[in-house]
């Protein structure tokens, strides 16, 4: 929507003008200042992106515009929010009466939130929730509201609008719920739409569809959009103008091309340098570490060096997975007979070599995490063989299997939930050493813990502290130290960098690569993020509905994708480059469910080799139809 | 749904079998009703034998129990050892009095605890919340018999406003119902408050506010129904507890209900009356729990589809 917005709309000045807005939380003499003195304008019909990492104050700013911070314990301590409603002169929302605010909320300004799974009320039907704003603001009766709700559902391209009206949120997928949320927000034709990370929780192909819908409806209805996000790719695709926030302050504002082409503030520069860009390693066969710019006390500082990750040794695989199948029973009859099964993993085969990173990529329900959990013996496989260092896991004795846990370690996605809050981090790191009996002497264990902390970029004295004293990035470092404590050969990293801010993410990725080189580690890197995959992995396996549809070297899969699903996945990734032409192909369709009735087994793909080590599933018509 | 109810009713049969078996067995350990009935001091063993014979107590326990079950099938609980009145008749008089009292107190408690709990949650940490929490804590700390006696002392003896006992006229309801309601409200207020706080932090509440809905609609339409599940669960459990509490409250206020009936049956070793009252109460508790389960489905569509 960058340049085609009618200029006539702009002659009256901004639709929304935020002036020196400050928001604070907590009482007492030193309340926490979440937003400090922030000003920006939103022009009618244009899109303003507010970008920042966690704690930057971007979400608080978005809530403060409609004074929804009143309900979260926040207080607007100074500033104005001037909004020009369709029926009168501009007014300051900060000083507006509650009654006037309610007329504006949902009617003139609407909002979409991050979590589609929790932003719809579970106990009311879709029709009821969409109709609510219509009966309230437009005085429609229940029947007319229902008709309008149906039109709105069609606008957001939901099939079967009629039956959907009587459905409940839990019967819909995440992508469908977010469409319902958009329909709800646009019900009264608002002048301004505030979208707070609307696609962050969605799969990448679903994200692409949601972004398209927002863009199309915005063009159709002339709505101005404030887009809150941490994803520079989404910014490049959606925004006309960009406000960059850091620690509660606006550090930079410019049109989107200028922000990307010549960032002025050091923080913006650091942020952009950390963003992984899909296609940045085109033409290069091996993964590469690159320096990251970080903010060190307000001053940008470069860490790390450029280094080609030539660590893989292809003589003999460390892990051989053959026809691995994992299914879960769901749905039982009155008498306990199984009626449905989740076909989480179906005859998946791959090898991992010493010093190599194999990425498993896929969306929800692809089975990528189940594979990781099966290898770590957290889940019992239904069939297939797994060989570690040439030995068959099925043939191992229970004690050998326990020993295997020392060789294969796991790093989870959520660094907040995966450390025991009641133990010091030193205790958590030492635990695998003690459990596997690697060291007996207390002093030796302590020394080892200190070494590990140093290796992951922390300090030995941190061992005495508790998890809550660390930031998210530091905790993930602690989790890495714990995974390395038992001196494993293979580390399974399950979405281990997905929840981190980009600058932290870039550092953790570099750390993982550095450790791989130093210790000849093999990684099974499980993720949905194609840009990170490009940076870290030697080979890539693309999973769809529990089966590998394409596997090969990263260069082959990324530069010469053969399977339609791989292509779809790659084209759906938002690219952090506003100059780049947006992909013409439209992505449609939901991700199908891996749950099947008993007796209806999925067909196993036949694989064909299209290049050296590059295998692609032969596409059945049904799969082509879905993709 | 029909299958679900059928399953539950099947369970109910087992519950009632177990409860009656335990009760019938336990009360027979407590002593010989024949001695009680014979009264006076110059009783011969022969007299006692005759009484036992008349009551059918000389038969083995299992035979007695099976006779009781047989009667149960046709709705006959037998006759009281004292006066020979039909147990069914006694229950049919006592049950309405107890249910009326139980439901009145439950209703009072809901009418008090829901608005107070919501108000406390909305004003979390401010003085109305603190006050409601302190008062409910005080309410929780009262034993109900003490509360009942204090009420009688104050309203009946000192002020002479309310009848101290019996069930005559609507004003006789006030004290027994209030006694029970206060205890229930004290816990329910806290439950509603906690449950509402949890719901109010959900994102769909912020979404509802962003639509411009009034506070009242946000709280009582969007939030309350989502907070109702714990409350309904607890009320179901309370109903069981209510029965225990009711024995004491009915004693204090001399209320002619199931509690009084059961109490007298225990002290008089009147097996048939006790077995009858316990069976009926157990049946009620099972029914209330079934209603709670059905209510879950009505409140939350996610439970309905399971």
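Scanning segment B:208-217 for residues that are facing chain A (nearest Cβ under 9 Å) and under 34 Å from the mean Cα position of the chain (by Cα) gives a single hit, B:217. Identification of helices (runs of 4 or more DSSP H) wholly contained in segment B:1-84 with 1 or more residues that are under 18 Å from residue B:278 (Cα atoms) yields B:2-29, B:61-73.
The residues listed here are B:170, B:128, B:163; of these, the one that is under 21 Å from residue B:99 (Cβ atoms) and surrounded by 13 or more Cβ atoms within 10 Å (Cβ to Cβ) is B:163. Scanning segment B:273-283 turns up no residue that is within 30 Å of residue B:224 (Cα to Cα) and surrounded by 21 or more Cβ atoms within 10 Å (Cβ to Cβ). Residues that are modelled with pLDDT of 90 or more, under 16 Å from residue B:300 (Cα atoms) and in contact with a helix residue (DSSP H, G or I) (Cβ under 9 Å, 6 or more places away or on another chain) do occur in segment B:210-221, at least one of them. Restricting to segment A:171-196, what's the tally of residues that are in contact (Cβ under 8 Å) with a residue 12 or more places away in the chain, within 13 Å of chain B (Cβ to nearest Cβ) and assigned to a helix (DSSP H, G or I)? Going through segment A:171-196 one residue at a time, the tally reaches 8. In the set A:456, A:497, only one residue is more than 29 Å from residue A:364 (Cα to Cα) and touching a residue at least 24 places away in the same chain (Cβ under 8 Å); that residue is A:456. Could we say that residue B:251 is modelled with pLDDT of 90 or more and farther than 20 Å from residue A:105 by Cβ here? Against the criterion (modelled with pLDDT of 90 or more and farther than 20 Å from residue A:105 by Cβ), residue B:251 does not qualify.
Among the residues of segment A:210-230, the ones that are within 25 Å of residue A:272 (Cα to Cα) and not in a strand (DSSP E or B) come to 6 in all.
Among the candidates B:182, B:149, the residue that is touching a residue at least 12 places away in the same chain (Cβ under 8 Å) and surrounded by 15 or more Cβ atoms within 10 Å (Cβ to Cβ) is uniquely B:182.
Listed by first and then second residue, the pairs with beta-carbon distance under 6 Å, at least 6 apart or on different chains, first residue in segment B:280-306 and away from every other protein chain (no Cβ under 14 Å), second modelled with pLDDT under 85 and surrounded by fewer than 18 Cβ atoms within 10 Å (Cβ to Cβ), are B:285/B:240; B:286/B:12; B:290/B:8.
Quick one: in segment B:198-207, which of the residues that are facing chain A (nearest Cβ under 7 Å) and in contact (Cβ under 8 Å) with a residue 12 or more places away in the chain is farthest from residue A:198 (Cα to Cα)? Ranking the qualifying residues of segment B:198-207, first place goes to B:202.
Sub-7 Å Cβ pairs linking a first residue in segment A:360-385 that is on the phi > 0 side of the Ramachandran plot and in the same structural domain as residue A:550 (by TED's automatic domain parsing) to a second residue that is part of a helix (DSSP H, G or I) and surrounded by fewer than 17 Cβ atoms within 10 Å (Cβ to Cβ), at least 6 apart or interchain, are A:377/A:401, ordered by first then second residue. Among the residues of this structure, residue B:225 does not count as one that is out of contact with any helix residue (DSSP H, G or I) (no Cβ under 9 Å at 6 or more places or on another chain), at negative phi and either within 14 Å of chain A (Cβ to nearest Cβ) or free of Cβ contacts under 8 Å to residues at least 40 places away in the same chain (or both).
Scanning segment A:135-143 finds one or more residues that are buried (at least 18 other Cβ atoms within 10 Å of the Cβ) and within 12 Å of chain B (Cβ to nearest Cβ). Just so you know, in segment A:103-131 the residues that are facing chain B (nearest Cβ under 7 Å), touching a residue at least 40 places away in the same chain (Cβ under 8 Å) and closer than 22 Å to residue B:227 by Cβ include one that is nearest to the chain's Cα centre (by Cα), and it is A:115. Taking segment A:464-493 as the range and being buried (at least 21 other Cβ atoms within 10 Å of the Cβ) and under 19 Å from the mean Cα position of the chain (by Cα) as the test, the residues that pass are A:475, A:476, A:492, A:493. Within segment A:580-625, the only residue that satisfies the criterion of being modelled with pLDDT under 75 and touching a strand residue (DSSP E or B) at 6+ places or on another chain (Cβ under 9 Å) is A:623. Quick one: would you say residue A:44 is at pLDDT below 95, buried (at least 17 other Cβ atoms within 10 Å of the Cβ), farther than 30 Å from residue A:499 by Cα and touching a helix residue (DSSP H, G or I) at 6+ places or on another chain (Cβ under 6 Å)? So residue A:44 passes the test. Does residue A:152 count as in contact (Cβ under 8 Å) with a residue 24 or more places away in the chain, more than 33 Å from the chain's Cα centre (by Cα), surrounded by 18 or more Cβ atoms within 10 Å (Cβ to Cβ) and within 14 Å of chain B (Cβ to nearest Cβ)? Criteria not met by residue A:152. Given the structure, is residue A:259 more than 20 Å from the chain's Cα centre (by Cα), more than 14 Å from chain B (Cβ to nearest Cβ) and either part of a loop (DSSP other than H, G, I, E, B) or crowded, with 20+ Cβ neighbours inside 10 Å (or both)? Yes: the conditions hold for residue A:259. With respect to the stated conditions, residue A:160 is surrounded by fewer than 22 Cβ atoms within 10 Å (Cβ to Cβ), under 20 Å from residue A:591 (Cβ atoms) and over 20 Å from the mean Cα position of the chain (by Cα). Just checking, does segment A:24-39 include any residue being under 27 Å from residue B:198 (Cα atoms), in a loop (DSSP other than H, G, I, E, B) and free of Cβ contacts under 8 Å to residues at least 12 places away in the same chain? Checked segment A:24-39: at least one residue is under 27 Å from residue B:198 (Cα atoms), in a loop (DSSP other than H, G, I, E, B) and free of Cβ contacts under 8 Å to residues at least 12 places away in the same chain. Within segment A:55-74, the residues that satisfy the criterion of being closer than 21 Å to residue B:215 by Cα, surrounded by 21 or more Cβ atoms within 10 Å (Cβ to Cβ) and out of contact with any helix residue (DSSP H, G or I) (no Cβ under 8 Å at 6 or more places or on another chain) are A:62, A:64, A:65. What residue, among those in segment A:62-102 that are at positive phi and within 14 Å of another protein chain (Cβ to nearest Cβ), is modelled with the lowest pLDDT? Only one residue fits best here, namely A:73. Listed by position, the strands (runs of 3 or more DSSP E) contained in segment A:272-349 that have at least 2 residues being surrounded by fewer than 18 Cβ atoms within 10 Å (Cβ to Cβ), in the same structural domain as residue A:512 (by TED's automatic domain parsing) and touching a residue at least 60 places away in the same chain (Cβ under 8 Å) are A:319-332. Applying the condition of being closer than 21 Å to residue A:42 by Cα and surrounded by fewer than 24 Cβ atoms within 10 Å (Cβ to Cβ) to segment A:197-211 and asking which residue is farthest from the other protein chains (Cβ to nearest Cβ) yields A:211.
The values are calculated or read from the model by the stated rules, or taken from the named source; none is laboratory data. Values in this document were obtained by computation on a predicted structure and should not be read as measured data. Cβ coordinates were reconstructed from backbone atoms using ideal geometry, including for glycine residues, and neighbour counts include every protein chain displayed.
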